[in-house]
Amino acid sequence: MKSDIEISQEAKLLPIQDIAKNLNIDNDDIEFYGKYKAKFSHSIWSKTASHPRGQLVLVTAINPTPAGEGKTTVTVGLGQALNHIGKKAIIALREPSLGPCFGIKGGASGGGYAQVVPMEDLNFHFTGDFHAITSANNLLAAMLDNHIFQGNTLNINPKKIVFKRCMDMNDRVLRHTIAGLGTDKDGVTREDGFVITVASEIMSILCLAQDIDDLKQRLARIIVAYSYDATPITAADLQAVGAMASLLKDAINPNLVQTLENTPAIIHGGPFANIAHGCNSVRATKLALQLADITVTEAGFGADLGAEKFFDIKCRMSGLQPDCAVLVVTTKALKYNGGLGKEDWSKENLEALEKGIVNLEKHIENLQKYGLPVIVAVNAYITDTKAEHQFIAQYCQQRGCRFAIANVWEKGGLGGIELANEVVATLSNEPAQFQLLYPDNLSLSEKIEKIAKEIYGAKGVTYSNIAQARLQEIEASGFGHFPICMAKTQYSLSDNAKLLGRPTDFSITVREVYVSAGAGFVVALTGSITTMPGLPKIPAAMSIDIDNNGNISGLF
Ligand SMILES: Nc1ncnc2c1ncn2[C@@H]1O[C@H](COP(=O)(O)OP(=O)(O)O)[C@@H](O)[C@H]1O
Ligand SMILES: O=COP(=O)(O)O
Ligand SMILES: [Mg+2]
């Protein structure tokens with residue numbers, strides 16, 4: 001099998017205006033970024049407002065192994081397969097972060113014959129959105145420190161600065177930094193630090209904003225610090241909003257590209273699902289729904305993270321309502337959850353499969369709590385055996401759960417026909433009764449408790465003293481109605497990456513809580529999760545290269 005990038009580079013792409021034309025979009029409503037990429041123009045919203053809304057399919061997964069279980073790949077493959085069976089389908093995905101590209105996971109354009117292309121453009125720089133977000137974020141940080149240096153009329157307590165600089169890279173040494181070293185002309189010395197761009201509040205704001213006015217109102221609400229008398233200091237107080245929003249003029253518009261089989265793909269925003277809300281932008285999803293009969297979109301990592309936040313944050317805020325969920329499972333992730341090491345994942349082991357399948361059981365139960373019909377999709381690896389697939393199929397049949405095998409990595413859309421037919425049958429015959437997990441008017445701790453107990457299976461939640469105090473402050477400041485964005489390891493239903501399968505008799509430890517007043521949610525940091533990941537011992541970056549003709553290799 002060729003590598004992802006070889007397959008991508010051999011693809012026969014259509015010029016992006018042809019992809020737009022197939023969506024009845026004319027050139028006036030898109031801005032070209034070369035031959036194969038475009039951004040939708042502001043004019044597209046009025047042009048599509050009267051279109052009938054299509055149906056929305058969410059692709060999620062069980063708890064993953066470090067390499068991922070193929071949600072993006074299945075999303076792309078399903079989109080391609082739906083077009084094969086005559087449906088007008090579109091996919092809506094997040095933009096990849098450079099962090100994982102150069103780290104462990106690699107890119108986020110899918111894989112094999114189910115990829116968004118051109119994959120090297122998508123995975124590197126794309127249309128500049130992440131650079132714009134990074135600049136807007138760091139402009140605010142610069143204006144904050146400059147305000148303190150220039151006399152601090154807002155009486156900001158440098159020890160109570162909560163806003164961090166960001167960079168789209170895995171760089172652990174930036175987690176804790178000292179800013180303002182040098183002479184008194186070099187600024188006020190203080191502790192600082194960076195988050196990765198995909199965990200910044202501005203990334204979440206871009207993904208949740210309805211339009212430029214909403215973007216500006218959200219940016220204005222960002223709390224950057226507290227004054228000596230504990231008053232929240234916002235981006236509006238620093239008069240930074242107009243400049244930040246201007247930097248995001250183009251980034252707020254979704255991007256149009258295509259898959260290997262010319263299925264349209266709307267790509268926009270890129271928050272991680274373990275340390276942020278993990279979904280592409282509301283604008284991209286809403287636009288896709290106006291342009292096609294079926295939109296297939298993805299939420300990051302397992303359903304305990306991306307799907308929960310897709311429902312309880314993105315859908316809550318936008319009014320979006322999913323019509324069904326595709327729950328991706330792989331034999332390797334089930335074996336991993338059954339306690340098998342990586343070296344044994346490619347060998348048949350029904351015993352480990354049976355031990356680990358309790359993880360699938362919990363995620364099926366969780367998705368049904370949201371009132372959604374669930375289709376379990378096995379993302380087939382070439383090392384899988386028939387016996388393994390039959391075992392999973394029987395398990396699902398016993399639970400009255402729809403099931404399909406997806407061979408989309410190996411065969412592209414033709415490998416996803418069974419899944420596409422299951423999705424179409426579900427959308428036609430099983431209307432969703434979508435409901436959120438919790439109402440706005442629960443207290444913040446009740447919301448955290450509900451997520452921990454109902455979705456993770458925890459027996460309870462413990463808080464550090466500082467988290468406990470912060471929760472009370474946030475409630476007292478009037479943010480108690482906000483939803484919760486849980487930051488947790490993706491490898492376990494618990495906050496301990498080593499507790500695999502379906503752990504019981506565990507508590508979730510919330511060590512830190514902060515309000516993202518602009519994004520409109522409260523973040524609860526659990527376990528040892530960090531908002532600035534580090535590179536592994538052998539970064540994927542070491543295998544990436546470029547030849548004299550500009551051809552990149554080693555990116556996957
Ligand atoms: N069926 C498969 N066989 C082999 N490799 C796969 C398969 N599905 C996905 N991959 C690879 O696994 C990695 C993760 O896939 P991805 O779709 O990004 O997963 P997720 O979105 O769940 O993180 C990618 O490198 C992809 O090419
Ligand atoms: O935020 C994580 O997304 P993936 O699960 O698609 O890697
Ligand atoms: Mg993905």
Among the residues that make up region 308-316, is at least one of them free of Cβ contacts under 8 Å to residues at least 40 places away in the same chain, out of contact with any helix residue (DSSP H, G or I) (no Cβ under 6 Å at 6 or more places or on another chain) and either surrounded by 21 or more Cβ atoms within 10 Å (Cβ to Cβ) or not assigned by the TED database to the domain that holds VAL195 (or both)? no
With the first residue restricted to region 332-343 and required to be under 17 Å from ILE392 (Cα atoms) and of a type in the set (S, T, N, Q), and the second required to be part of a helix (DSSP H, G or I) and open to solvent by less than 30 Å² (accessible area, probe 1.4 Å), Cβ contacts under 8 Å at 6 or more apart or on different chains are ASN337/GLY356; ASN337/ILE357; ASN337/ASN359
What is the one condition in (1) buried (at least 24 other Cβ atoms within 10 Å of the Cβ); (2) of a type in the set (Val, Ile, Thr); (3) within 26 Å of MET1 (Cβ to Cβ) that ILE104 does not satisfy? (1)
Does region 33-83 hold any residues that are open to solvent by less than 40 Å² (accessible area, probe 1.4 Å), under 30 Å from ILE357 (Cα atoms) and away from ligand 1 (no atom under 16 Å from the Cβ), and which are they? LEU56, LEU82
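What helices (runs of 4 or more DSSP H) completely inside region 176-253 contain at least 3 residues that are more than 28 Å from PRO533 (Cα to Cα) and of a type in the set (D, E, K, R)? Break it down stepwise before answering.
Details: elements: 201-208, 212-221, 241-247.
Because the criterion is at least 3 residues that are more than 28 Å from PRO533 (Cα to Cα) and of a type in the set (D, E, K, R), the helices (runs of 4 or more DSSP H) in region 176-253 that meet it are 212-221.
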Is it the case that LYS47 is within 11 Å of ligand 3 (Cβ to nearest atom) and either over 17 Å from TYR36 (Cα atoms) or under 19 Å from the mean Cα position of the chain (by Cα) (or both)? no
Just give me the residues in region 1-32 being open to solvent by 70 Å² or more (accessible area, probe 1.4 Å), under 24 Å from GLY70 (Cβ atoms) and acidic (Asp, Glu), in sequence order. GLU6, GLU10
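Filter the strands (runs of 3 or more DSSP E) completely within region 422-534 down to those with at least 3 residues that are open to solvent by 10 Å² or more (accessible area, probe 1.4 Å) and out of contact with any Lys or Arg (no Cβ under 7 Å at 6 or more places or on another chain). Show your work before the answer.
Details: elements: 460-463, 484-487, 507-516, 521-526.
It comes to 460-463, 507-516.
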Failed criterion for GLY68 (all others in (1) within 16 Å of ligand 3 (Cβ to nearest atom); (2) out of contact with any helix residue (DSSP H, G or I) (no Cβ under 6 Å at 6 or more places or on another chain); (3) within 30 Å of PHE403 (Cα to Cα); (4) in contact (Cβ under 8 Å) with a residue 60 or more places away in the chain hold): (4)
Kindly indicate whether any position in region 79-96 is more than 14 Å from ligand 2 (Cβ to nearest atom), within 30 Å of ILE223 (Cα to Cα) and out of contact with any Leu (no Cβ under 8 Å at 6 or more places or on another chain). no
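Would you mind stating whether GLY77 is part of a helix (DSSP H, G or I), over 28 Å from ILE202 (Cβ atoms) and touching a strand residue (DSSP E or B) at 6+ places or on another chain (Cβ under 8 Å)?
Working: part of a helix (DSSP H, G or I): yes; over 28 Å from ILE202 (Cβ atoms): yes; touching a strand residue (DSSP E or B) at 6+ places or on another chain (Cβ under 8 Å): yes.
The answer is yes for GLY77.
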Residue that is most open to solvent (accessible area, probe 1.4 Å) [pool: residues in region 84-100 that are β-branched (Val, Ile, Thr) and more than 13 Å from ligand 3 (Cβ to nearest atom)]: ILE85
Identify the residue in region 121-139 that is aliphatic (A, V, I, L, M) and either within 19 Å of the chain's Cα centre (by Cα) or surrounded by 24 or more Cβ atoms within 10 Å (Cβ to Cβ) (or both) and, among all such residues, is farthest from ligand 3 (Cβ to nearest atom). ALA136
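Among the residues of region 269-327, which ones are assigned to a loop (DSSP other than H, G, I, E, B) and either of a type in the set (Val, Ile, Thr) or over 22 Å from LEU525 (Cα atoms) (or both)?
Within region 269-327, the subset assigned to a loop (DSSP other than H, G, I, E, B) is 269-278, 280-281, 292-293, 300-302, 319-323.
Answer for region 269-327, where residues must be assigned to a loop (DSSP other than H, G, I, E, B) and either of a type in the set (Val, Ile, Thr) or over 22 Å from LEU525 (Cα atoms) (or both): ILE275, SER281, ALA292, ASP293, GLY319, LEU320, GLN321, PRO322, ASP323.
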Determine which single condition PRO118 fails, assuming it passes every other condition in (1) touching a Ser or Thr at 6+ places or on another chain (Cβ under 7 Å); (2) open to solvent by less than 20 Å² (accessible area, probe 1.4 Å); (3) within 16 Å of ligand 1 (Cβ to nearest atom). (2)
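Test LEU144 against the criterion of being within 16 Å of ligand 1 (Cβ to nearest atom), in a helix (DSSP H, G or I) and either of a type in the set (Gly, Ala, Ser) or open to solvent by less than 10 Å² (accessible area, probe 1.4 Å) (or both), and give yes or no. Let's see the steps before the verdict.
Numbers: within 16 Å of ligand 1 (Cβ to nearest atom): no; in a helix (DSSP H, G or I): yes; either of a type in the set (Gly, Ala, Ser) or open to solvent by less than 10 Å² (accessible area, probe 1.4 Å) (or both): yes.
Spelling it out, it is not the case that LEU144 is within 16 Å of ligand 1 (Cβ to nearest atom), in a helix (DSSP H, G or I) and either of a type in the set (Gly, Ala, Ser) or open to solvent by less than 10 Å² (accessible area, probe 1.4 Å) (or both).
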Within region 516-523, is even one residue within 25 Å of ARG316 (Cβ to Cβ), out of contact with any helix residue (DSSP H, G or I) (no Cβ under 8 Å at 6 or more places or on another chain) and either outside the structural domain of LEU353 (by the TED database) or touching a residue at least 24 places away in the same chain (Cβ under 8 Å) (or both)? yes
Contacts under 6 angstrom Cβ, first residue in region 92-118 being within 25 Å of GLN55 (Cβ to Cβ) and in the same structural domain as TYR381 (by the TED database), partner more than 11 Å from ligand 2 (Cβ to nearest atom) and hydroxyl-bearing (Ser, Thr, Tyr), 6 or more apart: ALA92/THR285; ALA92/THR295; ALA92/THR297; GLN115/SER8; VAL116/THR259
Given the residues LEU471, LEU436, LEU419, which is the only one that is touching a residue at least 40 places away in the same chain (Cβ under 8 Å) and within 16 Å of ligand 1 (Cβ to nearest atom)? LEU419
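The values are calculated or read from the model by the stated rules, or taken from the named source; none is laboratory data. Just so we're clear, the structure is a prediction, and the values are computed from it rather than from any experiment. Here the Cβ is made from the backbone with ideal geometry for all residues, glycine too, and neighbour counts use every protein chain on show. These area figures cover heavy atoms from the full protein model, side chains too; ligands, DNA and RNA do not enter into them. Shrake-Rupley method; radii C 1.70, N 1.55, O 1.52, S 1.80 Å.
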